1. Mind giving me the FRET efficiency for residue 69 and residue 134? R0 is 30 Å, r the Cβ-Cβ distance, nearest 0.05 is fine.
2. When averaged across all projection directions, what area in nm² does the alpha-carbon convex hull of segment 33-123 cover?
3. By per-residue mean of other Cβ atoms within 10 Å, what is the highest-first order of 99-105, 120-126?
4. Just order 91-98, 59-66 by mean Cβ neighbour count inside 10 Å, highest at the front, would you?
5. Taking the Cα centroid of segment 42-87 and of segment 111-128, what is the distance between the two, rounded to the nearest whole Å?
6. Relative contact order (percent) for segment 33-123, with alpha-carbon contacts under 8 angstrom and 6 or more residues of separation?
7. Roughly what would the spin-label model give for residue 100 and residue 117, points 7 Å off Cα along C-beta, in nm?
8. If you take the beta carbon distance between residue 50 and residue 125 as r and set R0 to 41 Å, what does 1/(1 + (r/R0)^6) give as a FRET efficiency, to the nearest 0.05?
């Protein structure tokens with residue numbers, strides 16, 4: 001069910017991007033800036049391989065240049081937290097047009113030490129707090 005929702009949301013984002021791309025020139029990869037009308041949030045779960053020692057995982061991350069490549073230049077890190085027993089959760093903000101680039105960096109550098117899961121997300125803080133204040 002979650003996978004279908006994720007696929008549906010991703011396809012919707014690509015459809016919107018494609019419609020916009022037909023009317024505007026596409027920026028060079030890595031040069032697009034996130035703006036309110038083109039930005040997306042992506043929550044990335046980096047679930048570490050618990051069958052291997054941390055030292056071994058870190059060595060593989062270094063060999064694959066994970067920290068050199070991730071996050072790509074110009075991709076904003078909204079938060080980066082450790083969840084004990086699971087791994088890391090990273091929330092990124094970037095233009096929708098850079099989704100493939102972000103995915104590719106993770107495929108090339110994180111796979112092995114981590115199993116990855118991706119969730120398109122959006123900022124609900126102002127709405128949620130507004131509803132809370134309204135209910136008081």
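Values quoted throughout were computed directly from the atomic coordinates according to the rules given, and no laboratory measurement underlies them. As the structure is a prediction and not an experimental result, all values here were calculated from the model. So basically every Cβ, Gly included, is an ideal-geometry build from the backbone, and we count neighbours across all protein chains shown.
1. 0.10
2. With the hull built on Cα positions only, its mean projection is 5.7 nm².
3. With the highest mean Cβ count within 10 Å placed first, the list reads 99-105, 120-126.
4. Working: 91-98: 20.5, 59-66: 15.5.
Most protected by this proxy first, the peptides run 91-98, 59-66.
5. With segment 42-87 and segment 111-128 each reduced to a Cα centre, they are spaced 14 Å.
6. 50
7. Result: 2.7 nm between the two label points.
8. 0.80
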